[in-house]
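To start, the structure under review is shown below, and the notes come after it.
The values are calculated or read from the model by the stated rules, or taken from the named source; none is laboratory data. Quick caveat, the model's predicted, so the values are computed rather than measured. Neighbour counts are summed over all protein chains in view; Cβ atoms, including those assigned to glycine, are modelled from backbone coordinates with ideal geometry. Quick note on the areas: whole protein, heavy atoms, side chains included, nothing else; ligands and nucleic acids left out. Shrake-Rupley method; radii C 1.70, N 1.55, O 1.52, S 1.80 Å.
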Amino acid sequence: MIQPRVSPASYRKITVWALALLALIIVSGGAVRLTGSGLGCPDWPACDNDQLVAPLETHAMIEFINRLITGLVSAIVIAAVLGSHWRVPRRADLVWLSWGLVAGVLAQIVLGGLVVLYELPPALVIGHFLLSMVLLWNAVVLLWRASEQDGRPAGRPHWLGNAVAALTSVVVVTGTVVTGAGPHSGDEDAERIDVAVRDVARIHGATVVALLLALSGAVWWLRQQGAAEQVQWWGRTMLVVALAQGLIGYVQYFTGVPVLLVGAHIAGAAGLWVTTVFFWLNARGPLMRAETEFAPAVPA
């Protein structure tokens, strides 16, 4: 039996699609919550009792479409695993990272089922979102490593990249608490976190301001130190995304959290996290080493 062979370029395309679909499922999941369709399909894995396909009702179809996107994510993750085994040359780091996606997606499926069966408790919804962010991290690292030519060990993470990633994590987590206390629960009868939205929004806003100040300082410092252009590029990109995300967040708060702006904020959170991971990956080892040693640079 002839074993399929996957070229490095073809495998990189698979990892790009995996990252794109994992980001898309975050946006589609947000759409389910924002349209009040969290219990549109009240059972799992069937939609309602023994009915696998959703009836032609708005909430049910929105939730069902989100489940179909989960199926696409599962398919591309399977392709990533098979591709990592069939890639020539085969690399152990890509195999392990692709299997990490499998573990994450399986955990998401189980957690998503629990979210529906227990009728959208905030703790499970928050866990579902944060696990999606972990999967995005895995997918970005897989793409970054798949873009390298020989799979040589990367340098150790720089303290600056670690600090920025840690601060962004705090921003994301506090943002989920605001969401858990806010009005868009996914269903009008869903439980909410028993805290004042204004209080947790202020905490979240303070972490956003801290991140923007830290990023501004990091971009300035990297320029002064003559760091590799890739690191500087990702630092500037992350600052722009964070500024846009902060602006959307403040506007949505002061305009009564309209659905479209909240949806944009959810998409922005995914974008911010992706750029954070790319910045963290490029800020490794001595930041002043030759530009050519930072691989990959900016994704094509």
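For segment 189-209, give me each residue that is open to solvent by less than 40 Å² (accessible area, probe 1.4 Å) and either part of a helix (DSSP H, G or I) or touching a Gly at 6+ places or on another chain (Cβ under 6 Å) (or both). Let's see the steps before the verdict.
Taking segment 189-209 as the starting set, the residues that turn out to be open to solvent by less than 40 Å² (accessible area, probe 1.4 Å) are 190, 200-201, 204-205, 207-208.
Passing the criteria: Val200, Ala201, His204, Gly205, Thr207, Val208.
In the set Val88, Val116, only one residue is out of contact with any Leu (no Cβ under 9 Å at 6 or more places or on another chain), touching a residue at least 60 places away in the same chain (Cβ under 8 Å) and β-branched (Val, Ile, Thr); that residue is Val88.
Kindly check whether there is at least one residue in segment 103-120 that is touching a Lys or Arg at 6+ places or on another chain (Cβ under 9 Å), closer than 19 Å to Val141 by Cα and of a type outside the set (D, E, K, R). For segment 103-120, residues touching a Lys or Arg at 6+ places or on another chain (Cβ under 9 Å), closer than 19 Å to Val141 by Cα and of a type outside the set (D, E, K, R): absent. When segment 127-142 is filtered for residues that are over 15 Å from Leu34 (Cα atoms) and aromatic (Phe, Trp, Tyr), only Trp137 remains. Taken together, Ser74, Ser37 contain a single residue that is at pLDDT below 85, touching a helix residue (DSSP H, G or I) at 6+ places or on another chain (Cβ under 8 Å) and closer than 29 Å to Val262 by Cβ, which is Ser37. Looking across segment 166-216, just one residue is touching a Lys or Arg at 6+ places or on another chain (Cβ under 7 Å) and either polar (S, T, N, Q) or closer than 15 Å to Gln245 by Cβ (or both), and that is Ser185.
What is the residue count in segment 215-240 for residues that are under 21 Å from the mean Cα position of the chain (by Cα) and either open to solvent by 40 Å² or more (accessible area, probe 1.4 Å) or more than 21 Å from Gly271 (Cβ to Cβ) (or both)? If you could, list the steps in order and put the result at the bottom.
The initial filter retains those residues of segment 215-240 that are under 21 Å from the mean Cα position of the chain (by Cα), namely 215, 231, 233-240.
Subsequent filtering for residues that are either open to solvent by 40 Å² or more (accessible area, probe 1.4 Å) or more than 21 Å from Gly271 (Cβ to Cβ) (or both) retains 233, 236, 240.
Going through segment 215-240 one residue at a time, the tally reaches 3.
Per-residue answers, yes or no, for (1) in a helix (DSSP H, G or I); (2) modelled with pLDDT under 95; (3) β-branched (Val, Ile, Thr); (4) closer than 21 Å to Trp144 by Cα:
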site	(1), (2), (3), (4)
Leu211	yes, no, no, no
Ala214	yes, no, no, no
Trp221	yes, yes, no, no
Gln224	yes, yes, no, no
Gln230	yes, yes, no, yes
Leu239	yes, no, no, yes
Val257	no, yes, yes, no
Leu260	yes, yes, no, no
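Restricting segment 48-62 to residues that are farther than 15 Å from Gly263 by Cβ and of a type in the set (A, V, I, L, M, F, W, C) leaves a set whose member that is surrounded by the fewest Cβ atoms within 10 Å (Cβ to Cβ) is Leu56.
Just a yes or no: is a residue in segment 242-255 at pLDDT 85 or above, buried (at least 21 other Cβ atoms within 10 Å of the Cβ) and under 30 Å from Gln149 (Cα atoms)? For segment 242-255, residues at pLDDT 85 or above, buried (at least 21 other Cβ atoms within 10 Å of the Cβ) and under 30 Å from Gln149 (Cα atoms): absent.
Inside segment 72-126, can you point out the residues that are closer than 17 Å to Val32 by Cβ and open to solvent by 20 Å² or more (accessible area, probe 1.4 Å)? Talk me through it step by step, then tell me what you get.
Kept after step one, since they are closer than 17 Å to Val32 by Cβ, are these residues of segment 72-126: 72-73, 108-109, 111-122, 124-126.
Answer for segment 72-126, where residues must be closer than 17 Å to Val32 by Cβ and open to solvent by 20 Å² or more (accessible area, probe 1.4 Å): Leu72, Gln108, Ile109, Leu111, Leu114, Leu117, Tyr118, Glu119, Pro121, Leu124, Val125, Ile126.
The sole residue among Pro45, Pro8, Pro4 that is touching a strand residue (DSSP E or B) at 6+ places or on another chain (Cβ under 9 Å) and open to solvent by 20 Å² or more (accessible area, probe 1.4 Å) is Pro8.
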